[in-house]
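The values are calculated or read from the model by the stated rules, or taken from the named source; none is laboratory data. Note that the structure is a prediction, hence the values are computed from the model and not measured. All Cβ positions, glycine included, derive from the backbone under ideal geometry; neighbour counts span all protein chains shown. Note: accessible area is taken over every heavy atom of the protein model, side chains too, but ligands, DNA and RNA are not part of it. Shrake-Rupley method; radii C 1.70, N 1.55, O 1.52, S 1.80 Å.
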Amino acid sequence: RKEVEQDPGPFNVPEGATVAFNCTYSNSASQSFFWYRQDCRKEPKLLMSVYSSGNEDGRFTAQLNRASQYISLLIRDSKLSDSATYLCVVNMLSSNTGKLIFGQGTTLQVKP
Amino acid sequence: DGGITQSPKYLFRKEGQNVTLSCEQNLNHDAMYWYRQDPGQGLRLIYYSQIVNDFQKGDIAEGYSVSREKKESFPLTVTSAQKNPTAFYLCASSISEYGKLFFGSGTQLSVL
């Protein structure tokens, strides 16, 4: 089992739709979680951190479910500009090869 | 403006050649990282450094070498021992090893 798993998609949605991605992680001791956005052949950029109580930033909502070991990202009122790959990142404290583990990413395509 | 700079943007390697990718940051960050990204895959950690003159292997260090002689600089050498070097290479930095990552714009390395 991969340490961090994401559905690669692509998720094809119309403008204005609500879409949600999940990301599962294997290490129950993981302490911090992030969502990054990556455009094609560009560097990833931090979208938002994920806090235990859940957090919202405009149209984006991130949630953490420690019992089931997954985090989620909800995008409301999708825009064409939201088309990108969304990377889930988990801080695996038990890892001895670096602390942050990336999922393979979920691709979102928003259509007119 | 503070940031992290990678160069070159594109690099071509001949058979048996070593090539060096540059990464410079003026964010005063302690930790620096090198990741490799292959098409459709997440980022994999090559090497990371938490402090000057110290660095650790990541998950895929074979065929690569690094140095950290200055806080600002973390160059990556892709040696001839790396048999499949074609990939997108990303350098990142963070305030601490658990912190949020700031990425450079990446280097696309291809084999001639």
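Things worth noting here:
- Here A:Thr61 meets each of (1) within 28 Å of B:Phe88 (Cβ to Cβ); (2) of a type in the set (Ser, Thr, Tyr); (3) open to solvent by less than 30 Å² (accessible area, probe 1.4 Å); (4) at pLDDT 95 or above with one exception, condition (1).
- Cβ-Cβ distances below 6 Å connect the following pairs, each with a first residue in region A:38-51 that is closer than 18 Å to B:Phe102 by Cβ, a second residue that is among the polar types (S, T, N, Q), and a separation of six or more residues or different chains: A:Gln38/A:Thr85; A:Glu43/B:Ser105; A:Pro44/A:Gln38.
- Residues being under 12 Å from the mean Cα position of the chain (by Cα), of a type in the set (A, V, I, L, M, F, W, C) and at pLDDT below 95 - total across region A:22-35: 2
- Each residue in region B:50-67 was checked for being open to solvent by less than 70 Å² (accessible area, probe 1.4 Å), polar (S, T, N, Q) and not in a strand (DSSP E or B), and 1 of them qualify.
- Checking A:Gln38 against (1) of a type outside the set (A, V, I, L, M); (2) within 11 Å of chain B (Cβ to nearest Cβ); (3) more than 20 Å from B:Gln41 (Cα to Cα), the condition it does not meet: (3)
- First in region B:57-81 and without any contact (Cβ under 8 Å) to a residue 40 or more places away in the chain and away from chain A (no Cβ under 14 Å), second anywhere and part of a loop (DSSP other than H, G, I, E, B) and of a type in the set (Ser, Thr, Tyr), Cβ under 9 Å, 6 or more apart: B:Gly63/B:Thr79; B:Gly63/B:Ser80; B:Ser65/B:Thr79
- Residues being open to solvent by 30 Å² or more (accessible area, probe 1.4 Å) and within 20 Å of B:Val111 (Cα to Cα) - total across region B:5-35: 13
- Residue among A:Leu87, A:Leu47 that is within 18 Å of B:Tyr35 (Cβ to Cβ), open to solvent by less than 10 Å² (accessible area, probe 1.4 Å) and either among the hydroxyl-bearing types (Ser, Thr, Tyr) or not in a loop (DSSP other than H, G, I, E, B) (or both): A:Leu87
- When region B:40-49 is filtered for residues that are facing chain A (nearest Cβ under 10 Å) and either surrounded by fewer than 18 Cβ atoms within 10 Å (Cβ to Cβ) or not in a loop (DSSP other than H, G, I, E, B) (or both), the ones remaining, listed by number, are B:Gly40, B:Gln41, B:Leu43, B:Arg44, B:Leu45, B:Ile46, B:Tyr47, B:Tyr48.
- Taken over region B:87-112, the criterion of being at pLDDT below 95, open to solvent by 20 Å² or more (accessible area, probe 1.4 Å) and assigned to a loop (DSSP other than H, G, I, E, B) is satisfied by B:Ile95, B:Ser96, B:Glu97, B:Tyr98, B:Lys100, B:Leu112.
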